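K.L.:
This is the structure, below, for whatever I ask next.
Laboratory data are not the source of any read-out in this text; all were calculated from the coordinates shown. No experiment lies behind these values; they were computed from the predicted model shown. Every residue, glycine as well, gets a Cβ built from its backbone with ideal geometry; the counts of neighbours run over all protein chains shown.
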Amino acid sequence: MALLTCQQLVVDIPGRAEVQPLDLAVEGGELWGVLGPNGAGKTTLLHSLAGLRPPRSGAITVAGRALSDWRKRSLAQQLGVLFQQPSSAMEMSVFESALAGRYPWLSRWQRESSTDHQRVYDALATVGLNQRARQRVATLSGGERQRLDIATLMVQDPALWLLDEPTNHLDMHQQQRVLQLLRQYAQQGKGVIMTLHDVNLAARWCSHLMLLFDDGSLYAGPRDALLDTERLSRLYHQRLRRLDVDGQAFFLPI
């Protein structure tokens with residue numbers, strides 16, 4: 001069963017009357033990159049898939065059930081989100097903030113177990129924040145907060161991850177570290193959908209792509225079928241040249 005499906009989905013982008021319907025099935029093991037220019041609707045699409053913004057039309061199902069039929073706590077066990085927004089947990093410790101990822105799995109009055117605590121320590125170690133566990137979130141840099149949000153998703157452990165610019169604020173090393181982590185989760189049977197601005201990161205790490213054009217048209221499918229220089233040049237309104245280095249495609253503006 002697909003982790004998520006869209007049937008004739010049209011997201012509601014203000015000021016755009018014509019938007020091509022999206023038919024999509026995301027399976028475990030797939031890492032989707034959503035590419036497009038500013039204003040094409042990448043974040044709006046993720047908000048609709050997360051149930052935070054109603055689409056103009058069409059249907060979304062999660063694990064075979066209509067998105068609207070899920071209760072919030074149960075949905076959070078299936079679907080986790082990372083969006084570009086200021087943290088509301090600035091006064092909490094890094095550990096406490098990451099521990100919030102376990103709340104969908106606990107009953108109303110249930111306390112966190114030692115196993116839950118160990119999940120947090122393991123996740124923080126994976127993203128390189130284990131030495132910051134007792135610090136307040138407010139003391140972290142933008143990139144460290146981004147990594148904390150990813151650690152919180154690891155603690156939450158949903159089947160499907162929706163991430164808006166997960167490489168935002170990260171230096172080159174941390175970008176590769178986070179994307180390698182997301183690929184590993186996909187290889188373990190999770191599904192990942194993330195927006196990206198860097199086509200070369202998508203070309204290296206993603207298994208599938210969605211290309212959202214600012215005229216409302218779109219393409220979705222396996223990565224290699226969509227890494228077409230002419231199509232990508234039209235997507236970004238910028239002439240691109242493809243270079244292949246050690247079997248890896250890179251696209252440079254010309």
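K.L.:
Of all residues in region 128-167, count the ones that are more than 23 Å from F95 (Cβ to Cβ), touching a residue at least 40 places away in the same chain (Cβ under 8 Å) and not charged (D, E, K, R).
P.N.:
3
K.L.:
Which one of these does A76 not meet: (1) in a loop (DSSP other than H, G, I, E, B); (2) of a type outside the set (S, T, N, Q); (3) farther than 29 Å from D224 by Cβ; (4) in contact with a helix residue (DSSP H, G or I) (Cβ under 6 Å, 6 or more places away or on another chain)?
P.N.:
(1) is the only condition that A76 fails.
K.L.:
Next question. Quick one: would you say A17 is in a loop (DSSP other than H, G, I, E, B) and over 19 Å from the mean Cα position of the chain (by Cα)? It would help to see each step written out before you state the result.
P.N.:
Details: in a loop (DSSP other than H, G, I, E, B): yes; over 19 Å from the mean Cα position of the chain (by Cα): yes.
Judged against the criteria, A17 is a match.
K.L.:
Which condition number does D23 fail, the rest of (1) part of a strand (DSSP E or B); (2) farther than 23 Å from L232 by Cα being met?
P.N.:
(2)
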